Amino acid sequence: MGTVTAADPHPSFLADKDAKVFVAGHRGLVGSAILRRLLSLGFTSVVARTHAELDLTRQADVEAFFAAERPRYVVLAAAKVGGIHANSTFPADFIAANLQIQTNVVDAALRCGSVRKLLFLGSSCIYPKFAPQPITEGALLSGPLEPTNEWYAVAKIAGIKMCQAYRIQHGLDAVSAMPTNLYGPHDNFHPENSHVLPALIRRFHEAKACDAPEVVVWGSGSPLREFLHVDDLADAVIFLMDHYSGLEHVNVGSGSEVTIKELAELVKEVVGFQGKLVWDSSKPDGTPRKLMDSSKIQGMGWKPKIELKEGLVETYKWYVENVVSDKK
Ligand code: GFB
């Protein structure tokens, strides 16, 4: 890959660095990591819009944007996302915004006629609550979903199916990547609506700052989660843009999992909090376990590089330098 072959008149993604690439959602955890990676690789024409500049839930605005910009590549990282509490509290927002964003972007990408490849990002919560572990791509739609995030999951499943349908009917080279639980710089550190890892970084940091004796952690601590640093995901996305044109979505995971209790102990250690943990069993555990089987992408040649402890140390540093100092 990376070169033009006789059979394929188009250069591969990595050999086409002056082409226009639209990163939808470039201010978020995932989109910002992809943007950094594209720029560091030497892509010269990356297009991005803030939410204020382009509301992706508005079909006419999205169509006008695509007609004017005519990107050659699209990475669809824009989404309404949140942790277990946000998903179960705002189900209407999660299903509506995600269906709107992905439908508008995929359809406009086809209509504008310039898009050579599109990559759609989903989530491991698309799989059934009790899917056999590790979860293969084939487990999609084989059983009931986890109730706390089924609206988000249904929207993401629709996104996968939309990419497949546009490929089958219209020949649009639309592929889907399903990352496991992600973390890293530019995450959302909201106390209630974020995912567990940024929530715990913030809670332990604030408890340390005011010498609090304890920190509350939700649920039983027994659920298992697989975490992937977002820079590893960004590498996987570039890799798939370059190497993959299949109908089926592709899992992207780290292959290693921890219990929420182990994660809480690790965050406590990295932050340097000296007090104790208290478990709030009134909060939901969610899926007991969701370890992805990432052998498909690993078989193509991609591998994660960042260990959880190393990624946590770096993410905590980013939080202190960017979120805490902003609040002062
Ligand atoms: O990260 P999280 O919200 O996502 O929660 P899910 C993971 C686990 O951490 C759950 C526990 O068992 C939570 O109960 N937990 C402990 C906490 N303390 C906290 C806390 O302070 N905040 C949060 N958020 N959790 C999400 C889905 O599920 O996974 C989304 O809701 C998305 O749809 C995402 O797909 C990847 O892994 O349970």
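The values are calculated or read from the model by the stated rules, or taken from the named source; none is laboratory data. Just so we're clear, the structure is a prediction, and the values are computed from it rather than from any experiment. Methodologically, a virtual Cβ is constructed for each residue, glycine included, from the backbone with ideal geometry; neighbour enumeration extends over all protein chains shown.
Side notes on the structure shown:
- Residue match in region 211-223 (condition: closer than 29 Å to Lys296 by Cβ and within 8 Å of the ligand (Cβ to nearest atom)): yes
- Filter pass, Phe22 being over 27 Å from Cys125 (Cα atoms) and either surrounded by 19 or more Cβ atoms within 10 Å (Cβ to Cβ) or not acidic (Asp, Glu) (or both): no
- Within region 130-151, at least one residue is touching a residue at least 40 places away in the same chain (Cβ under 8 Å), in contact with a Lys or Arg (Cβ under 7 Å, 6 or more places away or on another chain) and not charged (D, E, K, R).
- Unmet criterion (only one of (1) at pLDDT 95 or above; (2) within 16 Å of the ligand (Cβ to nearest atom); (3) of a type in the set (A, V, I, L, M)) for Ile84: (1)
- Criterion applied to Ser325, Ser282 was being modelled with pLDDT of 95 or more and out of contact with any helix residue (DSSP H, G or I) (no Cβ under 9 Å at 6 or more places or on another chain), and the one residue passing it is Ser282.
- Test: residue in region 304-324 that is surrounded by 19 or more Cβ atoms within 10 Å (Cβ to Cβ) and charged (D, E, K, R): no
- Qualifying residue in region 46-56 (condition: free of Cβ contacts under 8 Å to residues at least 12 places away in the same chain and either within 15 Å of the ligand (Cβ to nearest atom) or aliphatic (A, V, I, L, M) (or both)): yes
- Helices (runs of 4 or more DSSP H) lying entirely in region 42-129 (those with 3 or more residues that are hydrophobic (A, V, I, L, M, F, W, C), on the phi > 0 side of the Ramachandran plot and surrounded by fewer than 19 Cβ atoms within 10 Å (Cβ to Cβ)): none
- Residue pairs meeting the criteria (Cβ under 6 Å; at least 6 apart or on separate chains; first touching a residue at least 12 places away in the same chain (Cβ under 8 Å), in region 276-299; second polar (S, T, N, Q) and within 11 Å of the ligand (Cβ to nearest atom)): Pro284/Thr148; Asp285/Ser220; Gly286/Thr148; Lys290/Ser124; Met292/Ser124; Met292/Thr180
- Exclusive hit being within 28 Å of Val175 (Cβ to Cβ) and more than 17 Å from the chain's Cα centre (by Cα), set Gly275, Gly301, Gly311, Gly221: Gly301
- Count of region 222-233 residues, restricted to those that are buried (at least 24 other Cβ atoms within 10 Å of the Cβ) and more than 21 Å from Asp285 (Cβ to Cβ), is 3.
- Each residue in region 30-52 was checked for being within 13 Å of the chain's Cα centre (by Cα) and within 14 Å of Asp16 (Cβ to Cβ), and 0 of them qualify.
- Unique match (being more than 20 Å from Tyr73 (Cα to Cα), over 22 Å from the mean Cα position of the chain (by Cα) and without any contact (Cβ under 8 Å) to a residue 24 or more places away in the chain) among Glu269, Glu214: Glu269
- Single unsatisfied condition, Gly255 versus (1) touching a strand residue (DSSP E or B) at 6+ places or on another chain (Cβ under 9 Å); (2) on the phi < 0 side of the Ramachandran plot: (2)
- Selection status of Met162, in contact (Cβ under 8 Å) with a residue 40 or more places away in the chain, more than 16 Å from the ligand (Cβ to nearest atom) and not acidic (Asp, Glu): yes
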